[in-house]
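Engineer: Handing you a structure now.
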Amino acid sequence: MTAFRLGLIINPLAGLGGPAALKGSDGVATEALARGSEPRASERTRLALQCLLPLRERLQFLTFPGAMGADLLRELGFAYQVLGSLNDAATSAEDTKQAVQRLQEAGCALILFAGGDGTARDVCSVVREGQPVLGIPAGVKIHSGVYAISPRAAGELAARLVEGGLVRLASGEVRDLDEAALREGRVAARWYGELTVPEEGHFMQQTKQAGMESEELVLLELADWLQDSMEDGVRYVFGPGSTLHGLAQNLGLETTLLGVDVIENGQVLARDVTEAQLFELVEGHPSRLLVTAIGGQGHILGRGNQQISPRVVRAIGLDHLRVVATKRKLGTLQGRPLLVDSGDPVLDDSFPAAVRVWAGYKEELLYPLGWAAGSMQP
C-alpha cells in the first residue's frame, strides 16, 4: 500500500509569549523563556496527531528536523522523512517559509502547520495558490480563519481525508494583530491574504441533513463557474460521461456523450477525437483537461476515456487536470478513493495523494486518489 503523504511544520516558538503576558511571541521568544514560559507547540501538535495514530500504517509525513516535527513524529511512531536541515536550534520565520516551499515541491496533499497568526502569515507569504493547508492552533493570537477550532479538530479533519471522507476546500483569511500596538493597549488588525483550507464537517452527514442534491442544478452551477473562468485561446478537453456532457449542454455546446471533445473560445473545436488527434491538438498549446469519475467505481483515467493517453496528460500537465463530479456521484464511492489506471505506472505514481474536485459553483472538494491496482485502497 502506498502511504498517504502529509506535510508537518511545527513552529516551536509559537505560544511562548502568552504565559509570559507578552500578548504574542513575535520577536520576544528569548524574553518569554527568561520569564519561565515553556514551549507548547509540540504538545498542541501531539493532540492533533494522536487522532491519526489508528491510521499510522497508511501515513508518511514529510517534515523537518528536531522540534519542527521530526522529534514528535519519532516519539509517536509515525513514518516520516526529514527534508532540509536547521542552522540553529531556534527556528525563524525563514525556516517556516523554506519548509512550506519544500513541502510544495514534494507534492504534499495537505500541509499541517502548528503556530499562531504570525506562522500563518509566514505560510501565506510563500504558499502557492490553491495548496491546501490546515493550521493547528498553538499560538497566542489565533484570529486567522485558517486554523481548526482545536488541535483535536485539526487531527480529526486530517483523518477524514486519509480515510476517504469528502473534505470541502474553502478560502480562509489570514489576519494578524500588531503586537507592538497590542502591548500598548491598541488593537490594530490587518488582513494579509487568504489560504486554501479544508472545512470541518463530513459531506455524508450534511447530505442527510440538507436532503437530496439536485443533479440538474449542480450542472447549471458548474457551467456558470466554468464559463466565468474559461480563458481565451485555451483548449478545454471534455472527457466522456453524462456529467461533462450535461455541463457542455448547459454551455450551449453539442458534445458527444461517450467521446472526447475539445472546446476553444466558446465553440466546439473538435468532436469525438482519437488519441492521435487529441495529442496533436494539445501538444504545445495551452490546454485544460476535464474528466469525471465513473459512479460507484471512481476511475477518472483508464476506463472509457483511453483517448486521454499518458502522453496527452503529460502534454496538458497534471496541474491543468480537473475532476468534475457532483457530491451525489462521489457519495456512491462510499469513501473509496478515486482511481487512475492510465497504463503508465510512472504517470500514475506522479499523481498527488488527493485531487481537487469541482462539485458546484466555486465549490471544490479535496478527495483521495489511488491506483486502480488497489495499492492505495483504504
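Read-outs throughout are calculated quantities, based only on the coordinates presented, and are distinct from any laboratory measurement. Just so it is clear, the structure is predicted and the values come from calculations on it, not from any experiment. Reconstructed Cβ throughout: ideal geometry from the backbone, glycine too, with neighbour counts over all protein chains shown.
Engineer: Could you check the simple spin-label distance between Met230 and Ser125, using points 7 Å along Cα→Cβ, in nm with one decimal?
Structural biologist: In this crude spin-label approximation the distance works out to 4.1 nm.
Engineer: Starting from the Cα-Cα distance between His143 and Leu47, subtract it from 0.36 nm times their residue separation and give me the gain in nm to one decimal.
Structural biologist: Values: separation 96, 0.36 × 96 = 34.56 nm, distance 2.05 nm.
Extending this stretch completely gives an extra 32.5 nm.
Engineer: State the dimensionless ratio Rg/Rh of the stretch 209-371 (Rg: radius of gyration of Cα atoms; Rh: Kirkwood radius). Don't skip to the end; give the middle numbers.
Structural biologist: On the way: Rg = 14.8 Å, Rh = 15.8 Å.
My calculation puts Rg/Rh at 0.94.
Engineer: What FRET efficiency comes out for the pair Asn265/Leu55, r = Cβ-Cβ distance, R0 = 45 Å, nearest 0.05? Spell out each step's value before the answer.
Structural biologist: On the way: r = 46 Å, r/R0 = 1.03.
Here the calculated transfer efficiency is 0.45.
Engineer: If you wrap a convex hull around the alpha carbons of the stretch 259-317, what volume per residue comes out, as a whole number of Å³? Write down the numbers at each step before the final one.
Structural biologist: On the way: hull volume 4.8 nm³, N = 59.
Given the Cα convex hull of the stretch 259-317, per-residue volume reads 82 Å³.
Engineer: Pull up all non-local amide H partners of Ala114: gap of 5 or more, or a different chain, and H-to-H distance under 5 Å with H placed in the peptide plane.
Structural biologist: Ile9, Ile10, Asn11, Ile136
Engineer: Give me the net charge of Pro132's neighbourhood, meaning all other residues with Cβ under 12 Å from the Cβ of Pro132; Lys, Arg count +1, Asp, Glu -1.
Structural biologist: Numbers: positive: Arg128, Arg168, Arg356; negative: Glu129, Glu199, Glu364.
It works out to a net charge of 0.
Engineer: Take Ala170, project a point 7 Å from its Cα along the Cβ direction, then tell me which residues of the stretch 115-149 have their backbone nitrogen under 13 Å from it.
Structural biologist: Answer for the stretch 115-149: 145-149.
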